[in-house]
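First up is the structure itself, then whatever we jot down about it.
The values are calculated or read from the model by the stated rules, or taken from the named source; none is laboratory data. Everything quoted here is computed from the prediction, not taken from an experiment. Here the Cβ positions follow ideal geometry from the backbone for every residue, glycine too, while neighbour counts run over all protein chains shown.
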Amino acid sequence: MPKKIFNNGTTSESTLEVVNLVVLLLGAVLVLLPLGIVFLTSFAPPRATPALIPQKGWSLTNYQDAWQRGKFLLAFANSTLVALAVTALQIASAALAGYALARLKFRGRQALLLIVLATLVIPFQLLVIPIFLVLKWGYLINTYGALILPTAVNGFGIFLLRQYFLTIPIELEEAAALDGANRWQILWRVMLPLSRPALVTLFLFTFIGEWNDLFKPLVFTTRPELRTVQLALAEFQEQFTNNWPLLMAAVAIATIPIVVLFLFGQRQFIRGIATTGIKN
């Protein structure tokens, strides 16, 4: 009798695993289907309609035309500069503020944490007018500063690193302090090296968010030399609305760098998301 119960339990677990696998595969297909249509159409002959079935006459002509007509070289340079600058500033500010909120004892720490969390529920679009006025008073409109400074600090990054710092045993900091390390040395030589998954997670979130941002370049800049990838893609779409292969090639050009970046950092990204907030 116990053997029969064990077999039934094993069968149930196997069935559940199969169901989970099928659900995950269906979800993956639904997510990847639009991306597949984009890439297949980008290689199709000019003026072809979007389709899942590969069409005859595949070539890289659409990519060459899209790159030249959309002037993506300058847009790529601007987006890379802005994304790297914002990411570096967010990681630096999040590391300092997150460590202070996780380890330092001072009056009003919990209230400050609540204020940081409160900033997460305020959409950036609601702050665009005061931000625009501040940038105007600082003569930063139509400069790189207008694309970098408004998002240089982010409450999500502060909270993410604060939660990850809490998972690191405090005994490691005490040992470093006994060896003569100060707070800055503890943060730089102990906490940050151990927080690599969280740092990679924050890097990917911030870089991808800045790369895909259309709102800031559209509102804070008008100079053509400050165009980012998303702004160039939006202008490209207005010009070639009827040429789907050319348009899909432009979309693929803007998407490929982010896909490659995520593939390189996905392991650390998953680890950072899975372990953040778990105390030892």
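Within the set LEU204, LEU194, the sole residue that is touching a residue at least 12 places away in the same chain (Cβ under 8 Å) and within 16 Å of LEU84 (Cβ to Cβ) turns out to be LEU204. Give me the residue from the stretch 208-246 that is assigned to a helix (DSSP H, G or I), over 20 Å from the mean Cα position of the chain (by Cα) and among the aromatic types (Phe, Trp, Tyr) and, out of that set, farthest from PHE124 (Cα to Cα). The qualifying residue farthest from PHE124 (Cα to Cα) is TRP244.
Tell me, please, whether a residue that is assigned to a helix (DSSP H, G or I) and more than 14 Å from VAL219 (Cβ to Cβ) can be found in the stretch 123-134. No, the stretch 123-134 has no match at all. Scanning the stretch 194-202 turns up no residue that is in contact with a Ser or Thr (Cβ under 7 Å, 6 or more places away or on another chain) and in a loop (DSSP other than H, G, I, E, B).
Residue-by-condition table, conditions (1) at pLDDT below 90; (2) surrounded by fewer than 16 Cβ atoms within 10 Å (Cβ to Cβ); (3) in the same structural domain as GLY70 (by TED's automatic domain parsing):
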| residue | (1), (2), (3) |
| --- | --- |
| LEU202 | no, no, yes |
| GLY209 | no, no, yes |
| LEU218 | no, yes, yes |
| THR221 | no, no, yes |
| THR228 | no, no, yes |
| GLU238 | yes, yes, yes |
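Scanning the stretch 68-80 for residues that are farther than 14 Å from THR151 by Cβ and in a helix (DSSP H, G or I) turns up GLN68, ARG69, PHE72, LEU73, LEU74, ALA75, PHE76, ALA77, ASN78, THR80. Among the residues of the stretch 46-67, at least one is in contact (Cβ under 8 Å) with a residue 24 or more places away in the chain, surrounded by 11 or more Cβ atoms within 10 Å (Cβ to Cβ), of a type in the set (A, V, I, L, M, F, W, C) and in a helix (DSSP H, G or I). Given the structure, is PHE106 assigned by TED's automatic domain parsing to the domain that holds SER79, at pLDDT 90 or above and either touching a Leu at 6+ places or on another chain (Cβ under 6 Å) or not polar (S, T, N, Q) (or both)? Here the answer is no, as PHE106 does not meet what is asked. Residue under question is ILE168, and the condition is that it be over 30 Å from PHE132 (Cα atoms) and buried (at least 17 other Cβ atoms within 10 Å of the Cβ); does it hold? Spelling it out, ILE168 is indeed over 30 Å from PHE132 (Cα atoms) and buried (at least 17 other Cβ atoms within 10 Å of the Cβ). Considering the conditions (1) free of Cβ contacts under 8 Å to residues at least 24 places away in the same chain; (2) in a helix (DSSP H, G or I), THR87 is excluded by exactly one of them, (1). Taken together, LEU140, LEU113 contain a single residue that is in a loop (DSSP other than H, G, I, E, B) and either out of contact with any helix residue (DSSP H, G or I) (no Cβ under 8 Å at 6 or more places or on another chain) or surrounded by 13 or more Cβ atoms within 10 Å (Cβ to Cβ) (or both), which is LEU140.
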